[in-house]
Each structure stands twice: as C-alpha cells, then as structure tokens.
Amino acid sequence: MIQLPRWVLAAAGLGTVFLLLPLAAITAEVNWGQFIPLITSESSLAALSLSLRTATVSTLLCVLLGVPLALVLARLRFPGKRLVRALVLLPLVLPPVVGGIALLYTFGRQGLLGGVLDVLGIQIAFSTTAVVLAQTFVALPFLVLSVEGALRTAGTRYEAVAATLGAGPGTVLRRVTVPLVLPGLASGAVLSFARCLGEFGATLAFAGSLEGVTRTLPLEIYLQRETDADAAVALSLVLVAVAVVVVGLSYRSTSAGTPAVRQ
C-alpha cells in the first residue's frame, strides 16, 4: 500500500472540510417544515422546468458540436491548431457574464447578426433560445475536453487497423471511434448538463429574467434571495442534490471502462 506524508493527509482533510462545510451550512438553514411548499410553488416549478428543458437541449447541442470539434483537435494536424483549441476552451476561463454580453452583441438586434435575423423575423435575445445558446456557449468546452481526452487515451491503432481492412471513414467513426470513447462522451455530456443547469451569468446578460421564458432556476434563486430567503435556500438545496447526482453519474460513466469495439 502506498504511504503518503502526514502533511498531505492533513491538507486533504482540510480541503474536504472546506468543501463540505458550506454544504452542511446550507442544509442546516433549510426550513424543512416548509420545504415541499417552497420548492413546489408556481414560480419555482416554472424555473425548474425551464432549466431542465433548456439544459437538455443545450446538452444535445454540445454533443452535436463538441464531438466533431474534439475529433478534429485529437486526430488532425493543421496550422493554428493550438489557437483553435485555446478559442474552444476560452469559455472555461471567461467570466460567464462576458460571454453573455458577447452573445448579445452577436445575436441581439444591434448585434453582428442582428440585422439579418431581424429581416428574417427571428429574435433570439431575451428568449428561450437565448437561454439555450448561453448554456451551450459555457458548457461546450466540458464536452470537448472529455471527448478529446478519451480520444487521445484510446489512441489510433484500432482505427488504423479498421482502415487497413477497407473500412471507410464513416464506418471507422461509427463502429470503432465512437464505441471507444463512449465513456468519455457520456461523462462529458453529464458534466455539460450540470454546467447548463447551473448557468447564471451568461443567461442573465443575454436572455434576461422573464418568468416562464428565460428565468431558470439559478435566476429564480437569485431573485428569491432578496424577497424570500427560505425559498432561496430550499431551491439551492435542490440544485445541490442535482449536482451530487450528476457528479455520481459522471464518475460512474468514467469508471465504467472502455466498451468493446463493434465487430
């Protein structure tokens, strides 16, 4: 069994306490007698429903856009590849509100594409579509990182053998590459869903806070904090519970191993 220095164990224990104490504090502050009524109020259910629907659609967009991006970054060599990767991962370090403002000046009425969209009768800013785009913008790097890492870990030997045996690029992708990286894809999708569900800054800047239209659960918690602290704490605990489930699913999918390549 590997032995670690005592100071490492002490620091690890301190870090664990630092992470768990706020969760314990918020749990202790919950008004359990009113918990169910607080989280089942009309505004809370509307916000939760909107969050779940938009997070699901955003996660699907992340998969549709992120898997090809990860494949290009992991399998191809081209000039400017490092710059492309840096730009793809930029939302990870960019303050979400800045991302929301950037989206507003891209898709808003006065934005880069606003004039064209207005002529077509399409208004994206301050709509449910804006919520989906904001969530996708901040969550996409999680999917790309997970799938790219899985691709690099899997290597290219199975794909090379399949190509040598006469399989076309589409067949190799469908029957070899995707099964190899499926655990990483599942983990990335779960993490992206969690990031979409907890998104606040970009959504507020780009979509606003219209009840039933753009007011997601994090926005509802922020507003309730000013008027009803008990409701804000109860809804926060709901998000914590969802996050725990998501982390558990992500860990399970990561630990499941690599599936067998289809014959």
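At a glance:
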{"read-out": "Residue that is farthest from residue 59 (Cα to Cα) [pool: residues in region 184-213 that are surrounded by fewer than 24 Cβ atoms within 10 Å (Cβ to Cβ) and either touching a Lys or Arg at 6+ places or on another chain (Cβ under 7 Å) or among the aromatic types (Phe, Trp, Tyr) (or both)]", "value": "209"}
{"read-out": "In region 146-175, the residues that are surrounded by fewer than 22 Cβ atoms within 10 Å (Cβ to Cβ) and of a type in the set (A, V, I, L, M)", "value": "154, 160, 161, 162, 163, 165, 167, 172, 173"}
{"read-out": "Among residues of region 54-89, those that are under 22 Å from residue 202 (Cβ atoms) and without any contact (Cβ under 8 Å) to a residue 40 or more places away in the chain, counted", "value": "6"}
{"read-out": "Residues (charged (D, E, K, R) and more than 19 Å from the chain's Cα centre (by Cα)) located in region 69-96", "value": "75, 77, 81, 82"}
{"read-out": "Test: residue in region 195-210 that is touching a Gly at 6+ places or on another chain (Cβ under 9 Å), outside any helix (DSSP H, G or I) and closer than 22 Å to residue 53 by Cβ", "value": "no"}
{"read-out": "Filter pass, residue 89 being of a type outside the set (Phe, Trp, Tyr), surrounded by fewer than 18 Cβ atoms within 10 Å (Cβ to Cβ) and in contact with a Pro (Cβ under 7 Å, 6 or more places away or on another chain)", "value": "yes"}
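Quick grid of which residues meet (1) over 22 Å from the mean Cα position of the chain (by Cα); (2) of a type in the set (Ser, Thr, Tyr); (3) modelled with pLDDT under 90:
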residue	(1), (2), (3)
151	no, no, no
158	yes, yes, yes
202	no, no, no
205	no, no, no
208	no, no, no
221	no, no, no
226	yes, no, yes
244	no, no, yes
258	yes, yes, yes
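Matching residues to (1) buried (at least 16 other Cβ atoms within 10 Å of the Cβ); (2) over 26 Å from residue 241 (Cβ atoms); (3) out of contact with any Cys (no Cβ under 7 Å at 6 or more places or on another chain); (4) at pLDDT below 95:
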residue: 24; (1), (2), (3), (4): no, no, yes, yes
residue: 29; (1), (2), (3), (4): no, no, yes, yes
residue: 36; (1), (2), (3), (4): no, no, yes, yes
residue: 57; (1), (2), (3), (4): yes, no, yes, no
residue: 61; (1), (2), (3), (4): yes, no, yes, no
residue: 115; (1), (2), (3), (4): no, yes, yes, yes
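The values are calculated or read from the model by the stated rules, or taken from the named source; none is laboratory data. All values derive from a computational prediction rather than experimental measurement. In this analysis, Cβ positions are derived from the backbone assuming ideal geometry, glycine residues included, and neighbour counts consider all displayed protein chains.
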